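Enquirer: My questions will all concern the structure given below.
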Amino acid sequence: MSLKNTIISILRNNMDKRVDWDTYFMNIAREVATRSTCPRKSVGAVIVRDRRILSTGYNGSIRNMPHCTDVGCDMVDGHCVATVHAEANAIIQAARNGVCIDGGDIYVTASPCWNCFKLIANSGIKRIFYGEFYRDEKSLKVAKECGIELISLEKKD
């Protein structure tokens, strides 16, 4: 086989391993989650429109405040209240940078809590892709009424 044919064969084999768009963006959300500063749960979010990343966010402390990883979690009723959730941080980052997210999609490593769902709904995001179901079923019930699609990308092992 010639060098040219070998290269073509390698490229074709690599193209067969190419992931679909949903997997691609969820993989990025998982990488974003590695920036989380709360040891209780690492969550990442990516906001996308027309296959373009508009904003990212992870759960972490309020800007200029100490991180849970440095001073411990501020626990109230079994929840750390020191952190801003990944979805909220992604929406905030878009707003701080003047990026319109209306009509976009959000990829989140865990399904949104009720408060984050409300932010997502009011921001104009139309689809929520989540990697694992996390606690709050209220958003699952209300999503259809709001015209928001909730799509599980939970890995089946």
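The values are calculated or read from the model by the stated rules, or taken from the named source; none is laboratory data. In this text, all values refer to a predicted model and were calculated from it rather than measured experimentally. Because the Cβ atoms are built from the backbone with ideal geometry, glycine has one as well, and the counts that use them run over all protein chains shown. These accessible areas exclude ligands, DNA and RNA; they are computed on the full protein's heavy atoms, side chains included. Shrake-Rupley method; radii C 1.70, N 1.55, O 1.52, S 1.80 Å.
Enquirer: In segment 1-20, what residues are at pLDDT 80 or above and either open to solvent by less than 100 Å² (accessible area, probe 1.4 Å) or over 30 Å from the mean Cα position of the chain (by Cα) (or both)?
Expert: VAL19, ASP20
Enquirer: So which of ILE92, ILE106 is open to solvent by less than 40 Å² (accessible area, probe 1.4 Å) and in contact (Cβ under 8 Å) with a residue 12 or more places away in the chain?
Expert: Of the residues listed, the single one that is open to solvent by less than 40 Å² (accessible area, probe 1.4 Å) and in contact (Cβ under 8 Å) with a residue 12 or more places away in the chain is ILE106.
Enquirer: How do the strands (runs of 3 or more DSSP E) wholly within segment 31-114 filter down when requiring 3 or more residues that are in contact with a Ser or Thr (Cβ under 6 Å, 6 or more places away or on another chain) and not aromatic (Phe, Trp, Tyr): which remain?
Expert: Filter on segment 31-114 gives 44-49.
Enquirer: Related question: Of the conditions (1) open to solvent by 10 Å² or more (accessible area, probe 1.4 Å); (2) under 21 Å from VAL32 (Cβ atoms); (3) at pLDDT below 95, VAL81 fails just one. Which one is it?
Expert: (2)
Enquirer: What is the residue count in segment 122-143 for residues that are within 26 Å of ASP50 (Cβ to Cβ), part of a helix (DSSP H, G or I) and open to solvent by 80 Å² or more (accessible area, probe 1.4 Å)?
Expert: The total comes to 1.
Enquirer: Exactly one condition in (1) over 22 Å from LYS141 (Cα atoms); (2) among the β-branched types (Val, Ile, Thr); (3) surrounded by 13 or more Cβ atoms within 10 Å (Cβ to Cβ); (4) without any contact (Cβ under 8 Å) to a residue 60 or more places away in the chain is not met by ILE28; state its number.
Expert: It fails just one condition, (4).
Enquirer: Another one. Among the candidates LEU153, LEU119, which residue alone is open to solvent by 80 Å² or more (accessible area, probe 1.4 Å), under 23 Å from SER55 (Cα atoms) and aliphatic (A, V, I, L, M)?
Expert: Answer to the check: LEU119.
Enquirer: Any residue that is closer than 21 Å to ARG30 by Cα, small (Gly, Ala, Ser) and in contact (Cβ under 8 Å) with a residue 24 or more places away in the chain - is there at least one of those in segment 133-151?
Expert: No.
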